[in-house]
1. Can you tell me how much longer the chain between residue 40 and residue 79 gets when fully stretched, taken as 0.36 nm per residue apart minus their C-alpha distance, in nm with one decimal?
2. What's the extension gain from residue 63 to residue 28 if we count 0.36 nm per residue and subtract their Cα-Cα distance?
3. Charges on Cβ only, +1 for Lys and Arg, -1 for Asp and Glu, centred on the Cα centroid of region 8-102; of 36, 53, 23, which one is farthest towards the dipole's positive end?
4. Convex hull volume of the Cα atoms in region 8-102, per residue, in Å³?
Amino acid sequence: MHNDPGLQPERTDLAWRRTALTLVTAACIFLRWMPLHGWFTGTLMAASLLAALGIALTQRRRYHHHASGIGGAAMTANVKGTAAIAGSVVVLAGVGIYTVLFLPLQP
């Protein structure tokens, strides 16, 4: 394991889990939009769930990477993963705003 009294890997793990939970919550909001904006919101929901699933599937590897990095004093930042999730959230937010403002309401 690691010898970190601040429990940094655990805090990082919790932050990634909160991010995944937030993406699932966004997917539920997109599901509520389906009667108003049609099938397009299903793609938003699927994209949000896929991002959350990606976080969940890579969580164990990420935790062990952080714990071993602290133990060996060779910690490196997860730039690719963080950039991928940040990009996903920005795209989902942008398309969600577009959906609300510009897509016609279903009859």
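1. 11.0 nm
2. The span from residue 63 to residue 28 would gain 9.9 nm if fully extended.
3. Projecting each Cα onto the dipole axis, the largest value belongs to 53.
4. That works out to 76 Å³ per residue.
Values in this text are rule-based calculations from the coordinates and carry no lab data. The shown structure was predicted, so the numbers you read here are calculated from the model rather than taken from an experiment. Note that we place each Cβ from the backbone using ideal geometry, even for glycine, and neighbour counts take in every protein chain shown.
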